[in-house]
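Here's the structure we're looking at; comments come further down.
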Amino acid sequence: MSWKHALGSRRRAAAADLTLAAWRGVQRAGSITAQSAAGGRFASFGPRSLIAFPPGAMFGERWIQVGDATMIGEQVTLCAGMMPGHELGDMPVLMVGNRCVIGRGSHIVAHQSIVIGDDVFTGPYVYITDQNHSYADPDVPIGRQWPVNSAVSIGAGTWLGAGAVILPGSTIGRNVVVAAGSVVRGKVPDLCVVAGVPAKVVREYLPGPGWSRPPAERTEADR
């Protein structure tokens, strides 16, 4: 290797290190905290919470509460309302609890009420919404029909796997595991594992036997 080639390699390595260090500095500077101007636009923002840089789409912060010690990953969309400037009344419509972790690239879009309990963790690219398109009129394109809202709640201690979708009207209990890629609608009880499209209970916790398959899921080997 010639000295010119070696020098060029060292320069490229140094440039890469400087670029990485600069990007990390930008990430630190761009993070949203309770002390930042962006954090001050929220209805409330926990003193030890953080939204990583770069964020996703973000508007309606006035109707969004973020609890304490909660970490929201890069490119996470947090929206309240249909568009910036949409008036939603006096009360928050999106509430994220304490000590939550929201994975990279997730979308949480609230219009009426989304309540995420304490210690809820999500994988990346989870989608949670309380609004869906209506299709009541078969003569009108679905995208032109007025959407329908239905409140969503996610119980404390729950884990949402990567790519899970939580549809309007879902009520998820505490300490629930939602398997990756599942689509949840309706009511999910406490202390269970749900999977599939639509998500169904595949394991549940019962006093005594502990974690086991529900009767409908048991095979001959389980009996």
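The values are calculated or read from the model by the stated rules, or taken from the named source; none is laboratory data. As the structure is a prediction and not an experimental result, all values here were calculated from the model. Cβ placement follows ideal geometry from the backbone for every residue including glycine, while neighbour counts extend to all protein chains displayed. For accessibility, only protein heavy atoms count, side chains too; no ligands or nucleic acids. Shrake-Rupley method; radii C 1.70, N 1.55, O 1.52, S 1.80 Å.
Applying 1/(1 + (r/R0)^6) with r as the Cβ-Cβ distance of ILE142 and ASP190 and R0 = 35 angstrom yields a FRET efficiency of 0.50.
Only Cα pairs under 8 Å and 6+ residues apart enter the sum, and on that basis the relative contact order of the range 96-165 stands at 37 percent.
For the chain, a simple Cβ point-charge model (Lys and Arg +1, Asp and Glu -1, everything else neutral) yields a dipole of about 1040 debye relative to the Cα centre. The largest-to-smallest principal axis extents of the Cα set in the range 101-223 are 51, 33, 21 Å. When only Cα pairs below 8 angstrom with a gap of at least 6 residues are kept, the range 78-220 shows a relative contact order of 15 percent.
Electrostatic bookkeeping for ARG24 treats Lys and Arg as +1 and Asp and Glu as -1; over the other residues with beta carbon under 14 Å from its beta carbon, the sum is -1.
Of the chymotrypsin sites (Phe, Trp or Tyr not before Pro) found in the range 33-135, those in coil by DSSP whose Cβ has at most 16 other Cβ atoms within 10 Å are TYR135. Would you work out what percent of the accessible area of the range 35-158, with all protein chains in place, is carbon or sulfur (probe 1.4 Å)? For the range 35-158, the apolar C and S fraction of the accessible surface comes to 58 percent. Normalised per residue, the accessible area of the chain is 55 Å², obtained with a 1.4 Å probe and no contribution from ligands, DNA or RNA. Using R₀ = 22 Å, calculate the FRET efficiency as 1/(1 + (r/R₀)^6) where r is the Cβ-Cβ separation of LEU206 and ALA162; round to 0.05. It comes out at approximately 0.20.
Here ARG48 and GLU74 are evaluated by their C-beta separation; at R0 = 30 Å the FRET efficiency comes out at 0.95. The Cα atoms of the chain define a convex hull whose projected area, averaged across directions, is 20.4 nm².
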